[in-house]
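Below is one structure, written out as structure tokens; comments come after it.
Just so it is clear, none of the values below were taken in a lab; they were calculated from the coordinates. Nothing here was measured: the structure is a model prediction, and the numbers come from that model. Here the Cβ is made from the backbone with ideal geometry for all residues, glycine too, and neighbour counts use every protein chain on show.
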Amino acid sequence: MQKEAPIREPLILGNKSYHDITVDVARPVEGKANKLWWIVFGISFVLFLWWILCVGYTVGTGIGVWGLNKTIGWAWDITNFVWWVGIGHAGTLISAVLLLFRQKWRLSINRSAEAMTIFAVIQAAMFPGIHMGRPWLGYFVFPIPNEYGSLWVNFNSPLLWDVFAISTYFSVSLVFWYVGLIPDFAMIRDRVNEKIWPLRKKVYSILSFGWSGRAKDWQRFEEVSLVLAGLATPLVFSVHSIVSFDFATSVIPGWHTTIFPPYFVAGAVFSGFAMVQTLLLIMRKVVGLEAYITVKHVEYMNIIIMLTGNLVGIAYLTELFMAWYSGVEFEQYAFINRATGPYWWAYWAMMTCNVISPQLMWFKKLRTNIVFTFILALFVNIGMWFERFVIIVTSLHRDYLPSSWSMFSPTFVDIGIFVGSIGFFFVLFLLYSRTFPVIAQAELKTIVKSSSEQYKK
């Protein structure tokens with residue numbers, strides 16, 4: 001068994017035994033939801049209903065109800081799409097990369113991070129569908145035989161490769177998440193009283209795939225987890241690179257740059273970790289998991305946010321340098337316009353939230369403060385949304401021809417679909433927290449004897 005230095009802070013607080021961990025993890029699934037859960041769920045559900053109304057109105061009327069115009073054909077819809085895809089990246093990255101590096105601290109947070117990936121990608125996938133204007137013709141983007149003769153999709157289009165990349169990423173992430181859940185489903189199956197809850201017993205029996213907990217089961221579990229982690233890690237980098245090609249293949253100043261793939265990946269990891277932080281701090285309170293999601297976990301996450309924030313800052317400065325160094329008048333104007341033009345407030349909100357605010361994490365007192373961390377994670381998420389907005393809208397609204405210059409203002413439908421998608425996301429996440437174990441209890445038990453407070457004494 002691996003030994004740990006006593007000086008290192010424990011990852012599991014309280015004198016927790018194996019049985020205590022089982023009870024604590026199963027409690028949200030078996031017991032009744034507390035008052036705090038119902039409050040958060042109620043707010044999220046209202047926003048979700050707002051989303052249904054706005055999407056219904058858009059599909060019924062057409063995307064003319066958005067604030068788009070002749071010059072700005074992409075705005076909040078694609079901004080939201082790229083933002084949600086970015087958020088969806090950190091979940092798999094946390095699980096896969098930290099699993100490959102055998103980091104123990106991932107065990108309390110990986111399950112929620114993987115769930116976040118699934119739900120964020122669901123939100124992202126809806127925006128291009130709505131943007132089509134006629135979602136019922138969505139099958140056009142898939143390379144499938146059709147009744148229109150030799151009508152096939154354009155394989156040269158990055159938009160098609162978006163479909164391939166995101167659907168592949170979603171599939172691998174879903175399998176990765178589900179495989180990790182199998183031992184926990186078996187645990188709940190064994191705890192359910194068949195006489196009182198026969199249906200629940202049946203459902204969890206099917207979901208657990210006949211898991212018995214034998215050495216052979218664990219061996220296969222380890223092998224599959226490592227294989228999926230190895231598949232998922234390059235996907236994280238490839239998917240967001242492909243998403244960035246949507247912009248990089250154009251000739252529009254501000255978009256026509258080769259830095260986009262690494263820049264988008266760094267930004268995705270940055271925003272994804274901030275969203276994981278936001279969700280975990282909410283879950284920690286709502287579900288009562290303070291003993292397992294400790295201040296130490298929060299600190300480790302903050303260090304990664306600080307690191308990726310610095311990478312994003314370097315990418316911003318590189319963009320500015322390349323625009324200056326290129327000597328291209330249009331390129332230079334695009335960046336001057338971002339900082340001093342009509343949308344200057346969005347640019348400086350982006351710089352403040354993404355570059356300046358993470359520097360506060362250098363101070364241990366701040367990065368171990370729960371309230372400050374929650375506020376900063378929200379700021380990072382806001383900043384990353386503004387980054388996508390700045391890239392898309394400020395590059396489009398001032399084109400080569402002054403005669404085609406225009407401004408974009410969101411309508412109540414734009415705002416409703418975006419805010420509603422956040423509500424939809426939280427509805428899914430809160431229902432998940434009441435149905436599935438939010439912590440990988442079987443894996444967590446493997447570190448009790450090396451990393452719990454009881455052992456450290």
**Complete:** Beyond 23 Å (Cα-Cα) in this structure, taken from LYS32/LYS201; LYS32/LYS104; LYS35/LYS202; LYS32/LYS296, we find LYS32/LYS104; LYS35/LYS202; LYS32/LYS296
**Request:** Take every Cα-Cα distance within the stretch 167-315, group them into 5 Å bins from 0 onward, and report for each bin the whole-number percent of pairs it holds.
**Result:** 2, 8, 11, 12, 15, 16, 13, 9, 6, 4, 2, 1, 0, 0
**Prompt:** What label, among (1) 25.0; (2) 21.6; (3) 26.8, belongs to mean projected area of the Cα convex hull in nm² computed from the structure on display?
**Reply:** (1)
**Request:** Taking the Cβ of TRP38 as the centre, find all other residues whose Cβ is under 13 Å away and add up their charges (Lys, Arg: +1; Asp, Glu: -1).
**Result:** +3
**Prompt:** the stretch 389-443: Rg/Rh from Cα coordinates, Kirkwood Rh?
**Reply:** 1.34
**Complete:** Stretched fully, the stretch from LEU431 through ARG102 gains (0.36 nm per residue minus C-alpha distance, one decimal, in nm) 115.5 nm
**Fill in**
Plugging the Cβ-Cβ distance of TYR178 and SER238 into 1/(1 + (r/R0)^6) at R0 = 25 Å yields, to the nearest 0.05, a FRET efficiency of 0.70
**Asked** Based on Cα positions only, what radius of gyration and what Dmax would you give for the stretch 224-287, in angstroms?
**Response** 15.9, 49
**Surrounding net charge for VAL239, when Lys and Arg each add one and Asp and Glu each subtract one, Cβ distance under 15 Å** = -2
**Stretchable slack from TRP324 to VAL153, in nm (0.36 nm times residue separation minus alpha-carbon distance)** = 57.7 nm
**Asked** Ordered by packing density, taken as the mean number of other Cβ atoms within 10 Å over each peptide's residues, highest first, how do 181-188, 88-95 rank?
**Response** 88-95, 181-188
**Request:** Calculate, in nm to one decimal, what VAL46 and ILE122 gain on full extension: separation in residues at 0.36 nm each, minus their alpha carbon distance.
**Result:** 25.5 nm
**Request:** Grab the DSSP H runs of the chain that are 4 residues or longer, score each as -39,500 (n - 2.57), total them, divide by all residues and round the 222 nm result to the nearest 500 deg cm²/dmol.
**Result:** -22000 deg cm²/dmol
